[in-house]
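Enquirer: Please find one structure pasted underneath; my questions will follow.
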Protein chains: 2
Amino acid sequence: MNLVSVQECRSAALVVLEHAGVPAAAAALQADLLIEAELRAVPSHGLLRLERIIHRIGNGVASATATGAHEWRGDGFLAVDGQDGLGPVVAVSALKAIAARAKRTGIAVAAISRSNHIGMLAYYAEAIALGGQVGIVLSTSEALVHPYGGRQALLGTNPIAIGVPNGERPFVIDLATSLVSMGEIHDRAHRGQALPEGWALDEHGDATTDANAAKNGAIAPFGQAKGYALGLAFELLVTALTGAALGRDVMGTLDADRKANKGDVLIVIDPLSGQGAAISAYLDAIRSAEPAAGFDQVLIPGERGRALKEQRLKDGLPLAESVWTRLRQMRDDVKGLQT
Amino acid sequence: MNLVSVQECRSAALVVLEHAGVPAAAAALQADLLIEAELRAVPSHGLLRLERIIHRIGNGVASATATGAHEWRGDGFLAVDGQDGLGPVVAVSALKAIAARAKRTGIAVAAISRSNHIGMLAYYAEAIALGGQVGIVLSTSEALVHPYGGRQALLGTNPIAIGVPNGERPFVIDLATSLVSMGEIHDRAHRGQALPEGWALDEHGDATTDANAAKNGAIAPFGQAKGYALGLAFELLVTALTGAALGRDVMGTLDADRKANKGDVLIVIDPLSGQGAAISAYLDAIRSAEPAAGFDQVLIPGERGRALKEQRLKDGLPLAESVWTRLRQMRDDVKGLQT
C-alpha cells in the first residue's frame, strides 16, 4: 500500500482521460467518481477501473464525448439515452435536470439506458441530499448473484443508494443486494484466503469456500430470501423504466469490448421543510445508544465511509501497488507521447 | 384452525365496521385489507386487528369517515393529511390521485401523515402494477427493531413493497426490514416455542431465545448491517416527506388509545411500454432454474402468497380459533343490538 495524494491521482487520471479524447469537464467528473470510491474504501469502484474505461473508449464501445440525449416523457420523467457516454457524465447531466425539475414538480425521475458504469451510487445520493432533496438511486449490473435457493448467477449486484438531507452531513446509504462484492471475492483469491461459508457457489452451482472457484460462480444475495427479493425487484424496476437488459444478458461494465446495456434510475424528491432537527436528533439518539457486546458503538450507515474520506483527503489514498504503478505508467506513456 | 369462507368473514367485518360509523364503501376497503392479509398468510395484518380498529374509533383516535385532505405541493407531490382516517381509506384515495397524475407527469408521490395502519403494502403495490404502472410503497411503524450492533428497539419494522407490471400476475414484493415480525414472536410465545438464536433481544438488550422475553425487547434487522441501513433509510425518507414521528416516538398502530403519527409514502411511475415480454421471460428463466440442495424450486418472491390467496379464495380462510370466535361475537353483538 502506498499513500498517494489525491491531487496526484486526480491529475494522473485527468491526463489519461483527456488524452483519450474526454473533454476536461467530463474527465474531471469521471476522475472524481473513481477517486470518491478510493476515498470511501471501495476500491472495486476506484482507479482500478480507469484502464478499462480507456480501452472501452479505444474499442469504440464507450464514447469520450457523449453526455446523453434527454427526452421528457411527462413533466417528471426524463428518459435518457446515454449514447454510450461515460457513466458519471451522463448521470450528472441527468441529475442536474431532474433536481431542478423536482423543485417545481416535487418529484422527478431519470431513467438512463446505454450509459457506462456510473461508479459509487453514494456520490449521487449525497449530492442530492446536500442540495436539500431526498434521493433514491438504483443501478443494475452483470449477473453475479444467485437467487435464494438457486445455483446459478442470474441477478446483478443491483445496488441502491438513498440520501436524506441532514445539514452538511446528510444521511447516505449505498449498498449492493449481494452479500459481498465480486471485488471482495477477487481480493480474497489474490491473498489466498478462504471464503466464509454461505458467501458463494462455484461454476457448477455448489457451495464453495475457495475464492478462486467462486470467481466463475455466483455470490449469495444478502439477507437470504429478503435480499434476493429486493435485488430482483430493483432489476425489474430499472428495466421497466429504462428498457435495460436483464440477468445474464447484461454486459459492458466488467469487459472492455461490449456496449453497456444495464440501466440506472435516479429519483429526486423535494422534502417537507423543517424535518431536519428531528432527523438529526434521532440520528444522535441512535449514535449514542448502548452498543451490543462486541461492538464499540452503534454506527450510522455511511458515516464510517465519510470519516475515511475526510482522513484520506488529508493523508492520501492507500492505493494497491499494482493500481498505482499502472496509473503512473498510463500517465507517463501519455506524457512521453506529448513531449 | 377453522376454514371460514371469505364471504362470511367479509360480511361479519362489514357489519362491525358499519355499526362503528364507517360508511359502506370505506368499510369494504378496510375489510378487504384485513382479508387480503389472511389470504396471503400474514395474520398479523389480518382480522385480529379489527377489534382494535373499532376501539380506536370509539376512543376518538381514529375517524370512521375521514378520507384525507389532499394538497398538491407541486405537480407530482401530493401531501395528504390523513385526518386520523382509516389507513386503507386514506391510502387508496391518495393512490387513485397519484396514479392518475403519473399518467401525465410520468411519476407522482403521495406523502401521507396522520393516517391509521394501512395494512399489507402488497395490496397497493399490486394494484399499481395491475394498472400498468411501477409502484414503490413505504410505511413506518412503532420502534420494534434494534440497530445492528445495538441493544434497544429504535427503528420501526419499516416495510417496503414494490410492484412491477407483468400482465395479470404482476411482480410484487412486500417485506419488512426486520428479520421476523413481532406477530411471529407472539405466535412462538403463544405456542411455547423457543426462538432461533439471533432473532431477538430481551428488554435489557441481551440476546434471548425466549419468545416471551422478546415481546418487550427488540427484533433484529434482517441481513445484519445492510438490512439495518435500509430500515433506517426508509424511516428517514418517510419522515422527510411526511413529517412523521421517528423511532420510539411513533405510536398508534399497536395501541387503542393514541393517535397514529407514522407516515406512509406511495410512489407511482409510468414505465416504458414494451418491457413486459422481457420481464416475463426473465422471471420464467429464474423460476425454471435448477434449485440448490434442500430447495424444491427457485421461487419468485410474492408467488407463494399469491398461490395461497387463490387457494384460500376457494377453500376459505384458516382463521385462528380465537380470531374467528371474537369476530362472530362482535358481529352477533351488533346484530343483537339491531334486532
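Enquirer: Put simply, what bits of the stretch B:277-300 lose 30 Å² or more of accessible area when the other protein chains are there, versus the chain on its own (1.4 Å probe)?
Expert: B:Ile279, B:Tyr282, B:Ile286, B:Glu290, B:Ala292, B:Phe295, B:Val298
Enquirer: Between A:Lys215 and the same site in the other copies, what are the distances in nm, shortest first, taking label points 7 Å from Cα along the C-beta direction?
Expert: 5.5
Enquirer: Let me make sure I get this right: for the stretch A:264-334, a, b and c are the square roots of the gyration tensor eigenvalues over alpha carbons, sorted descending. Under 1.5 in a/c it's rounded, otherwise prolate if a/b > b/c, else oblate. Which is it?
Expert: The shape class here is oblate.
Enquirer: Something else: Only four residue types carry charge here, +1 at the Cβ of Lys and Arg and -1 at the Cβ of Asp and Glu. Report the dipole size of the stretch A:199-339 about the Cα centre in Debye, rounded to the nearest 20.
Expert: The calculation lands at about 460 debye.
Enquirer: Here is a further query. With chain A rotated onto chain B, spot the residue of A whose Cβ lies nearest the axis and note the distance in whole Å.
Expert: Smallest Cβ distance to the axis, with its residue: A:Gly223, 1.
Enquirer: Might you work out the accessible area of A:Ser273 for me, using a 1.4 Å probe with all protein chains in place, and round it to the nearest 10 Å²?
Expert: The accessible area of A:Ser273 comes to roughly 100 Å².
Enquirer: I would also like to ask the following. Per DSSP H run of n ≥ 4, the term is -39500 (n - 2.57); total these for chain B, divide by its residue number, and report the mean residue ellipticity at 222 nm rounded to 500 deg cm²/dmol.
Expert: Helix contribution divided over all residues of chain B: -13500 deg cm²/dmol.
Enquirer: Express in whole angstrom the spacing between the alpha-carbon centres of the stretch A:1-52 and the stretch B:35-112.
Expert: 48
Enquirer: Moving on to the next point. Please tell me the relative contact order of chain A in percent, rounded to the nearest whole number, where contacts are Cα pairs under 8 Å and at least six residues apart. Walk me through the intermediate numbers first.
Expert: Working: 731 pairs, mean separation 73.1, N = 339.
For chain A, the relative contact order is 22 percent.
Enquirer: Related question: For chain A, report the accessible area per residue in Å² (1.4 Å probe, heavy atoms, rounded to an integer).
Expert: Per residue, chain A has an accessible area of 39 Å².
Enquirer: Let me ask another. When the accessible area of chain A is computed with all protein chains present and a 1.4 Å probe, what percentage of it is carbon and sulfur?
Expert: Carbon and sulfur atoms account for 50 percent of the accessible area of chain A.
Enquirer: How large, in Å, is chain B by the Kirkwood hydrodynamic radius built from its alpha-carbon pairs?
Expert: 20.8
Enquirer: How much solvent-accessible surface does B:Met182 expose, in Å² to the nearest 10, with a 1.4 Å probe and all protein chains in place?
Expert: Around 20 Å² of this residue is reachable by solvent.
Enquirer: Quote the total accessible area buried by chains B and A together, excluding ligands, DNA and RNA, probe 1.4 Å, nearest 100 Å².
Expert: That pair of chains buries around 5700 Å² in total.
Enquirer: Within 10 Å of each Cβ in B:241-253, how many Cβ atoms from other chains are there, averaged over the peptide? Before the final figure, lay out the partial values.
Expert: On the way: counts 9, 3, 6, 3, 2, 8, 6, 2, 3, 0, 0, 0, 0.
Taking all residues of B:241-253 together, the mean is 3.
Enquirer: Which whole number gives the average, over all residues in B:68-80, of C-beta atoms from other chains lying within 10 Å of the residue C-beta? It would help to have the intermediate numbers written out before the result.
Expert: On the way: counts 0, 0, 0, 0, 2, 5, 12, 9, 14, 10, 2, 2, 0.
For this peptide, the per-residue mean of nearby foreign Cβ atoms is 4.
Enquirer: Heavy atoms only, probe 1.4 angstrom, no DNA, RNA or ligands counted: give me B:His190, A:His186, B:His146 ranked by accessible area, highest first. Spell out each step's value before the answer.
Expert: Working: B:His190 160, A:His186 85, B:His146 20 Å².
Largest accessible area first, the residues go B:His190, A:His186, B:His146.
Enquirer: Can you pull the mean other chain C-beta count within 10 Å for peptide B:107-116?
Expert: 4
Enquirer: Also, I was wondering about something else. Can you compute the charge dipole magnitude of the stretch A:1-82 about its Cα centre, using +1 on each Lys and Arg Cβ and -1 on each Asp and Glu Cβ, nothing else charged? Give it in debye, rounded to the nearest 20.
Expert: I would put it at about 200 debye.
Enquirer: If you add up the charges near B:Ala189, with Lys and Arg at +1 and Asp and Glu at -1, over every other residue whose beta carbon is less than 9 angstrom from its beta carbon, what do you get?
Expert: Working: positive: B:Arg188, B:Arg191, B:Lys215; negative: B:Asp187, B:Asp210.
So the environment of B:Ala189 carries a net charge of +1.
Enquirer: Measuring from centroid to centroid over Cα atoms, what is the spacing of the stretch B:291-308 and the stretch A:165-234 in Å?
Expert: 22
Enquirer: If you don't mind, there's one more thing I want to ask. What is the sum of charges, Lys and Arg at +1 and Asp and Glu at -1, for the other residues whose Cβ falls under 15 Å from the Cβ of A:Ala200?
Expert: Combined, the nearby Lys, Arg, Asp and Glu give -4.
Enquirer: What shape does the stretch B:6-133 take by its C-alpha gyration tensor, where a ≥ b ≥ c are the square roots of the eigenvalues and a/c under 1.5 counts as rounded, a/b above b/c as prolate, and the rest as oblate?
Expert: Judged from the Cα gyration tensor, the stretch B:6-133 comes out oblate (a/c at least 1.5, b/c at or above a/b).
Enquirer: Using a 7 Å offset from Cα along the direction of the beta-carbon, what are the separations from A:Ser322 to the same position in each other copy, nm, ascending?
Expert: Listed shortest first, these distances are 6.0 nm.
Enquirer: Another question about this same structure. Mind listing the label-point distances from B:Pro196 to the same position on all other copies, shortest first, one decimal in nm, points 7 Å along Cα→Cβ?
Expert: 1.6
Enquirer: What are the ³J(HN,Hα) values, in whole Hz, obtained from phi via the Karplus relation 6.51 cos²θ - 1.76 cosθ + 1.60 with θ = phi - 60°, for each residue of the stretch A:328-335 in sequence order, with x given for Gly and Pro?
Expert: 5, 4, 4, 4, 5, 4, 4, 5
Enquirer: Order the following by accessible area, largest value first: B:Thr325, B:Thr177, A:Thr67. Probe radius 1.4 Å; ligands, DNA and RNA are ignored.
Expert: So, going from the largest accessible area down, we get A:Thr67, B:Thr325, B:Thr177.
Enquirer: Okay, moving on. Using all C-alpha to C-alpha distances in the protein assembly as shown, build P(r) with 10 Å bins and read off the rounded percent in each one.
Expert: The percentages, shortest bin first, are 3, 15, 26, 27, 18, 7, 3, 1, 0, 0, 0.
Enquirer: Let me ask something additional. Taking B:Lys103 as the anchor, which lysines have their alpha carbon closer than 22 Å to its alpha carbon, excluding any fewer than eight residues away along the same chain?
Expert: List returned: A:Lys103.
Enquirer: A further question follows. Using a 1.4 Å probe and counting only protein heavy atoms, arrange B:Lys103, A:Lys262, B:Lys226 so the residue with the most accessible area comes first.
Expert: The residues order as B:Lys103, B:Lys226, A:Lys262, largest area first.
Enquirer: How large is ³J(HN,Hα) for each residue in the stretch A:190-195, as worked out from phi by the Karplus curve 6.51 cos²θ - 1.76 cosθ + 1.60 (θ = phi - 60°), to whole Hz, x for Gly and Pro?
Expert: 3J(HN,Hα) across the stretch A:190-195, in whole Hz: 4, 8, x, 8, 6, 8.
The values are calculated or read from the model by the stated rules, or taken from the named source; none is laboratory data. Note that the coordinates shown come from a computational prediction; the quantities given were computed from them, not determined experimentally. Cβ: placed from backbone, ideal geometry, glycine included. Neighbour counts: every protein chain shown. Calculation scope for accessible area: heavy atoms of the full protein, side chains included, ligands and nucleic acids excluded. Shrake-Rupley method; radii C 1.70, N 1.55, O 1.52, S 1.80 Å.
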